[in-house]
1. Please specify each residue of the range 42-53 satisfying the condition of being open to solvent by less than 100 Å² (accessible area, probe 1.4 Å) and assigned to a helix (DSSP H, G or I).
2. Which pairs have Cβ atoms under 8 Å, sit 6 or more apart or on different chains, and link a residue in the range 203-214 that is closer than 23 Å to Thr61 by Cα and free of Cβ contacts under 8 Å to residues at least 60 places away in the same chain to one that is outside any helix (DSSP H, G or I) and open to solvent by 70 Å² or more (accessible area, probe 1.4 Å)?
3. Are any residues in the range 24-40 surrounded by fewer than 13 Cβ atoms within 10 Å (Cβ to Cβ) and in a loop (DSSP other than H, G, I, E, B), and if so, which ones?
4. Do you know which residues across the range 237-288 are modelled with pLDDT under 90 and within 12 Å of Phe193 (Cβ to Cβ)?
5. Take the residues of the range 2-20 that are of a type outside the set (S, T, N, Q), farther than 24 Å from Ala60 by Cα and touching a residue at least 24 places away in the same chain (Cβ under 8 Å): which is least open to solvent (accessible area, probe 1.4 Å)?
6. Looking only at the range 231-287, count every residue that is more than 18 Å from Arg186 (Cβ to Cβ), out of contact with any strand residue (DSSP E or B) (no Cβ under 7 Å at 6 or more places or on another chain) and open to solvent by 60 Å² or more (accessible area, probe 1.4 Å) and tell me the total.
7. For the range 1-23, give me the residue count where each residue is aliphatic (A, V, I, L, M), modelled with pLDDT of 80 or more and not in a strand (DSSP E or B).
8. Please work out which residue is farthest from Ala13 (Cα to Cα), limiting yourself to the range 54-75 and to residues that are open to solvent by 50 Å² or more (accessible area, probe 1.4 Å) and among the polar types (S, T, N, Q).
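The values are calculated or read from the model by the stated rules, or taken from the named source; none is laboratory data. Only a predicted model underlies this, so the values are computations on that prediction, with no experimental measurement involved. All Cβ positions, even for glycine, are placed from backbone atoms using ideal geometry, and neighbour counts span all protein chains on display. What goes into the accessible areas is simple: the full protein's heavy atoms, side chains included, and nothing from ligands, DNA or RNA. Shrake-Rupley method; radii C 1.70, N 1.55, O 1.52, S 1.80 Å.
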Amino acid sequence: MGWLSAGEGYEVALVDGRVAARATAGRAAGRQLKSLPRALRDHPEVDRLRRFAEWLDRHATACVAQVDSWMVSSLPVPTGLLARVWPDEAWQSALRDLAVVGDDPDEVGFLRGATEDGELRVVNLDGETVRLSPRTVTLPHPVLLPDLDDIREFAAELGIVQRVEQIHRATWQRPDDLDPKATEIREFSGGSFRSRFALAARASSLGYRVSGGYATARVRDGDRTVEASVWIGEPYWEDTVETGGLTWQDDNGRALPMRDVGPVAWSEGMRMAAALYAGRTIEEGKNA
């Protein structure tokens, strides 16, 4: 965005997401000022730029949330859609360097670009830049990526930094020796919080939904949607509370035996439970 006139002697623009000003006359003409002059703080052009900056922030947040949803669900995304949104800097920032899979599920590459005709430019695991034009691609959840440790090591060599947490996302593998009838994990139960409000606030800040006495995360796992839930205490309870067990339910609200929980729902449920537990109050002199 270029510089806009803002009254006599000044121009304003968005610079790194903030309203900046520069003088158009005098010895400082053409130089960006360190702070916004008092005379401009209520100027209509400054107000318009502030509101535009707020919209850009909301747009960037929405792009990240949408890409994160695509990644967690591992649903196919039309290549043409990626090509259409790629010129938008917010979309590009959210998508750049994500691991993508095209027609061959064993061929993983890091997304670097997209052309108007739907062709993707990716860096494959041999370090070569290749072009792909599948009808759809997936942004796989890391628990579904083969040889994840090798992919992480290669990404570190390339200096890859992802806006949407994917390859370095904390993952949990479901054990093979689960009780066929068990429906609850207690590994992250017993985390103490000063109040139910504090625990609910932590859940919300981490992006989880708070409903009744639970923090929940809905996850599309394969061809079904599963909801992971952690007990966080009765609403309006003001005394100390502790995190409860982790369970999973199907679309009809029926508890799923742990052995029936898919890999993505298992990993995301454990991730939520661990993140809530990590914020617990630790008494001085006790081990974490």
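1. Pro44, Glu45, Val46, Asp47, Leu49, Arg50, Phe52, Ala53
2. Arg209/Arg218
3. Ala25, Gly26, Arg27, Ala28, Gly30, Arg31, Lys34, Ser35
4. If the condition is that a residue be modelled with pLDDT under 90 and within 12 Å of Phe193 (Cβ to Cβ), then Trp237, Glu238, Asp239, Ile282 are the ones that fit.
5. Among them, the one singled out is Ala6.
6. Qualifying residue count for the region: 15.
7. Looking only at that region, the number is 1.
8. By that ranking, first place goes to Ser69.
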